[in-house]
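Contents: one structure, followed by commentary.
The values are calculated or read from the model by the stated rules, or taken from the named source; none is laboratory data. Just so it is clear, the model here is predicted, and its values are computed rather than measured. Cβ placement follows ideal geometry from the backbone for every residue including glycine, while neighbour counts extend to all protein chains displayed.
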Amino acid sequence: MLIFIFSNIVNSQSSQEQTIYNQDIKREFKPFGENGTIFTILQDNGQDDPNKKVLAIGTKQKPTSRISFNSEGLFDYFAPPEKDNVNPSFDVLNAAVYEGCLVIFYKIQGKPMISLYNTRKKNSDPITYQLSHNIDALSVDDTFVWAAYKTKNSTTIRPYVHSSSIGGKCSKFQMKDSSSGVVSYNVPVASPQTVISQHLTTSLKGVRHIYIFDKDNHVLLKYDYDPSLGTFTPVPGIINIGSACDVKFFYFDPKKDISYFMASYDDGYNIYAEKSEKSIKISNKKDTNNYCGPFASIDLDTYYSKPGDTSLYRYTPAFGINVTTPCFNQTNGKIEILLPNPNDYKVKWNDGSTALVRDKLKEGNYTFSFSLKDIDREINRKIFSLKAPDNPMLYAINQSCVGTANGIINFNSTKHDDLSYSYFYMCPNCTGSKVNKTTTSSTGKFSHLFGDFTYIFWLETVDSHGHKCVYDKTEITLENVVIDEPKIEYTNNTCYNSSDAQISILNYNPKKYLYKFASTQNITNTGIIYQIPTRDGSGFNIDIIDRISRCSSHVNVPIKSPPEPKYPVIFPVRPKCHGGTGTLDIKEIPGMKYIVTGPGGKTIMPLFVNKTFKYKNLHAGKYHVDFSIENDKSKVLCSAGRINFTLTEPKPVKLLETYIQAEDCSARSLADMIVYARGGTPLNGTTYFFDNKYSKNDGPFLNVSFWVDGIYKLNVSDANHCTVQYNNVTIKRPSKCQVHNINGIPHLGVNNQNNAHHSDTKKSKLGLILGLCLGIGIPFLIIGTALAVILIKKYAHFSSTPTPRNQPRPNTVPVFMGGKIHNIDNF
């Protein structure tokens, strides 16, 4: 047997705005499959009992059925045990209930049976009796089970006692006896559809009532009886029900001593008063449901099932509510009570208002009661909860990765099905196509956003009735994800081509970041990565990925490995001059150390310029460079070596002789007065530079054959400008062919004035006699001198370009002419 038990449910609506018609609660249960239809719906307990229940009883049942509970706790139902494959099922033919005493009439193998179930006791076995007749209608009150059944000429109604002093209520099923035999009453009812026995709490003056609905005659009959069943009297005045499908007790007014009944029809329900033909129609013309099926009511909350249906519905007939809940944090809520016939109802709010429309409401609970005007009783009390939507401007941010448009701003508050959402945003400072362009989203999720921009959002919601909520603009700045730069502490490899380097990530945070690197590396739970090879010097790559945004940062950690052992390249430069200093350059090899040791074991300290170690002021001698490679931290020596080299210096620049003397006065002897230089670094291997106050010449030697006899200063230099100064270069000819400067006048022959020493500091200088060619004798000297004087006066100068000869380049010689010494080329 299928039984649904519903408590008296308080209406609560939380939609933004909706019209409530016939949809308070709708549940569908099919415990017996598609064929397990609902046979009847019954109201349990008295009219003033706060624990009123509604039971829906299914058609199919077994004797072993017990009360079961559905998983939601919304109802109880009778169900046969799943393992009961022995007992046959039966069809329920009639049923009634009062305060947990459930009476079911059915047939097994054609035999009429009746069973009493005390639903207040779990797992109690039913009390079952076999009857001699069918039952067309049942009713249960605090004392009796009333059974009505048709006979040949009339209808019999018979009371059965279900209460005992030992077992209490619902403990037996016994026919009521009197002195004249079994108590039963014949009533003029053609078709007994429903029997309603008045509860003890609704009886006055010791008289109780029985109501019988004659469906064929469309009337409701009333009978009075005393509790001892001594009398059973029809009451004049019937209620014309019309073509009702069924009739149920609705309410008893003790002040007026009037009972009210609810009748169901195809198009709805009517309320009848027993002492009046007046009825109140509580149907809605717009309602197209068929209500000619099982039903029961708790006040105006009506439970029904469509004919042959498996579903149970609950609603309040002809009653509707428009509810507009306020916008978030606003006071624009509204409750409108919709009644097709407002004059038939009375409405009263908890604050005393009787208005059918309440507006300017804030979020909260609002209670009102309503009743039929002809019934002096609060029939229904309803509480409506005006629940504003969750703050629709709450949002979550997924930050953007730097340089990518993968940021997300999601307005993720709960969305209500009866609202349409239109989120808008614009980005005034964005570049490209999004500048001042308004974008719309119905979900509130905006993707593909760049970081480091401020976006402006606003929202409109509209319900099915056009009620609009507008939410002000909100500025949201979307930041880029900032991945913490790893703080690295590392230990170098011990030596080149080893794999024992390790790094420690001091701010290692595996809960926030995912660290990816070469799969061959190992990492501890404290962020130490070890066994790192760095053969190519490329460093160690780590990808740090933010676990939430999936943004990543690529970091290259330089792992310094000692260099590959090899000889360094050195660049020694010897001294340019004898007695000078040279240099040494060594290109840097990172990780390699150098110690340069010179003569006498002295360590030379370098300067470091442009990745080059420079050693200066190195004198000639033997040197060696010690080089080594070691690990910075462990000081393990990886490799070492030595390079020896010698700095040599040129020989000193010098003249082979400084005393130049002609052996005789022959032309050959006079023309062969030559000064030779040696040592140093001559230009092109032969050329030296000769310099004094009167001449600047270069060549392998200096021809002084035409210089005036005397002592001269002479500087001799090589290609590196290494210079030696002589103060004693002496030109000496035999006395017969000497040329002297005597008081500014050249004289040939012996000098008796003892002024043969020609100091470079005297103002008057001697000159050579120009005009003599090689091989000309002394007698022609005066003639040549005179000729030279004439030529000088005529041309004023001579070409500075030397005249080619068959001998080395001629020298410039001092010549005394016109009282002055002139430097002219020899020609």
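A residue that is in contact (Cβ under 8 Å) with a residue 24 or more places away in the chain and under 26 Å from the mean Cα position of the chain (by Cα) cannot be found anywhere in the range 527-537. The residue that is modelled with the lowest pLDDT, among those in the range 257-283 that are assigned to a loop (DSSP other than H, G, I, E, B), in contact with a strand residue (DSSP E or B) (Cβ under 7 Å, 6 or more places away or on another chain) and surrounded by fewer than 22 Cβ atoms within 10 Å (Cβ to Cβ), is Glu277.
Taken together, Asp246, Asp224, Asp216 contain a single residue that is of a type in the set (D, E, K, R), under 21 Å from Trp146 (Cα atoms) and buried (at least 20 other Cβ atoms within 10 Å of the Cβ), which is Asp246.
A quick yes/no check of all residues on (1) touching a residue at least 24 places away in the same chain (Cβ under 8 Å); (2) in the same structural domain as Phe39 (by TED's automatic domain parsing):
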position	(1), (2)
Lys286	yes, yes
Asn289	yes, yes
Leu338	yes, no
Pro342	no, no
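Count of the range 611-626 residues, restricted to those that are under 60 Å from the mean Cα position of the chain (by Cα) and modelled with pLDDT of 95 or more, is 6.
Residues of the range 620-651 being of a type in the set (D, E, K, R) and without any contact (Cβ under 8 Å) to a residue 24 or more places away in the chain, which ones?
Lys635, Arg642
Here Ser499 meets each of (1) modelled with pLDDT of 90 or more; (2) more than 18 Å from Pro392 (Cβ to Cβ); (3) of a type outside the set (A, V, I, L, M, F, W, C); (4) in contact with a Pro (Cβ under 8 Å, 6 or more places away or on another chain) with one exception, condition (1).
In the range 618-667, how many residues are assigned to a loop (DSSP other than H, G, I, E, B) and closer than 19 Å to Pro599 by Cα? Spell out how you get there, then give the answer.
Filtering the range 618-667 down to residues assigned to a loop (DSSP other than H, G, I, E, B) leaves 619-620, 631-636, 648-653, 656-658, 662-666.
Then drop every residue that is not closer than 19 Å to Pro599 by Cα, which leaves 619-620, 648-650.
Qualifying residue count, the range 618-667: 5.
Highlighted here are the strands (runs of 3 or more DSSP E) found entirely within the range 42-159 that include at least 1 residues which are among the aliphatic types (A, V, I, L, M), at pLDDT 80 or above and in the same structural domain as Val183 (by TED's automatic domain parsing): 53-58, 90-98, 101-108, 111-118, 127-130, 137-140, 144-150.
Listed by first and then second residue, the pairs with beta-carbon distance under 7 Å, at least 6 apart or on different chains, first residue in the range 606-619 and without any contact (Cβ under 8 Å) to a residue 24 or more places away in the chain, second surrounded by fewer than 16 Cβ atoms within 10 Å (Cβ to Cβ) and not in a loop (DSSP other than H, G, I, E, B), are Pro606/Lys614; Leu607/Lys614. In the range 568-588, the qualifying residues are those that are crowded, with 18+ Cβ neighbours inside 10 Å and not in a strand (DSSP E or B), and the one that is farthest from the chain's Cα centre (by Cα) is His578.
Among the residues of the range 313-363, those that are of a type in the set (Ser, Thr, Tyr) and either part of a loop (DSSP other than H, G, I, E, B) or under 46 Å from the mean Cα position of the chain (by Cα) (or both) comprise Thr316, Thr324, Thr325, Thr331, Ser353, Thr354. Put simply, of Asp299, Asp253, Asp309 the only residue that is within 26 Å of Leu386 (Cβ to Cβ) and among the charged types (D, E, K, R) is Asp299. In the range 206-255, which residue that is in a loop (DSSP other than H, G, I, E, B) and within 20 Å of Ile282 (Cβ to Cβ) is nearest to the chain's Cα centre (by Cα)? Of everything passing the filter in the range 206-255, Cys245 is nearest to the chain's Cα centre (by Cα).
In the range 423-445, the condition of being out of contact with any helix residue (DSSP H, G or I) (no Cβ under 6 Å at 6 or more places or on another chain), surrounded by 16 or more Cβ atoms within 10 Å (Cβ to Cβ) and closer than 21 Å to His554 by Cα is met by no residue. Taking the range 129-153 as the range and being out of contact with any strand residue (DSSP E or B) (no Cβ under 6 Å at 6 or more places or on another chain) and either free of Cβ contacts under 8 Å to residues at least 40 places away in the same chain or not hydroxyl-bearing (Ser, Thr, Tyr) (or both) as the test, the residues that pass are Ser132, Asp142, Lys150, Thr151, Lys152, Asn153. Restricting attention to the range 380-396, the residues that are of a type in the set (A, V, I, L, M) and surrounded by 16 or more Cβ atoms within 10 Å (Cβ to Cβ) add up to 3. For Phe453, the requirement of being farther than 30 Å from Ile282 by Cα and buried (at least 16 other Cβ atoms within 10 Å of the Cβ) is met. When restricted to residues that are free of Cβ contacts under 8 Å to residues at least 12 places away in the same chain and touching a Cys at 6+ places or on another chain (Cβ under 6 Å), the range 89-124 contains 0. Among the residues of the range 441-480, just one is touching a residue at least 60 places away in the same chain (Cβ under 8 Å) and small (Gly, Ala, Ser), namely Ser464.
If you go through the range 589-613 and keep only what is assigned to a strand (DSSP E or B), surrounded by fewer than 18 Cβ atoms within 10 Å (Cβ to Cβ) and hydrophobic (A, V, I, L, M, F, W, C), you end up with Ile595, Ile604, Leu607, Phe608, Val609.
Would you confirm whether or not the range 84-98 contains a residue that is among the acidic types (Asp, Glu), closer than 20 Å to Ile41 by Cα and surrounded by fewer than 20 Cβ atoms within 10 Å (Cβ to Cβ)? Even if it seems obvious, please write down each step before you answer.
Of the residues in the range 84-98, the ones among the acidic types (Asp, Glu) are 84, 91.
Filter once more, so that each one left must be closer than 20 Å to Ile41 by Cα: 91.
Restricting the remaining residues to those that are surrounded by fewer than 20 Cβ atoms within 10 Å (Cβ to Cβ) gives 91.
Taking every residue of the range 84-98 in turn, at least one turns out to be among the acidic types (Asp, Glu), closer than 20 Å to Ile41 by Cα and surrounded by fewer than 20 Cβ atoms within 10 Å (Cβ to Cβ).
The requirement of being closer than 30 Å to Lys121 by Cα and out of contact with any His (no Cβ under 7 Å at 6 or more places or on another chain) is not satisfied by Ala190.
Under the condition of being of a type in the set (Asp, Glu) and either assigned to a loop (DSSP other than H, G, I, E, B) or under 30 Å from Ile559 (Cβ atoms) (or both), which residue from the range 446-494 is nearest to the chain's Cα centre (by Cα)?
Glu479
If I filter the range 636-653 for residues that are among the hydrophobic types (A, V, I, L, M, F, W, C) and within 22 Å of Gly699 (Cα to Cα), do I get at least one hit? Yes, some residue in the range 636-653 is among the hydrophobic types (A, V, I, L, M, F, W, C) and within 22 Å of Gly699 (Cα to Cα). Before we move on, is Thr414 outside the structural domain of Cys551 (by TED's automatic domain parsing), exposed (fewer than 13 other Cβ atoms within 10 Å of the Cβ), part of a strand (DSSP E or B) and touching a residue at least 12 places away in the same chain (Cβ under 8 Å)? Here the answer is no, as Thr414 does not meet what is asked.
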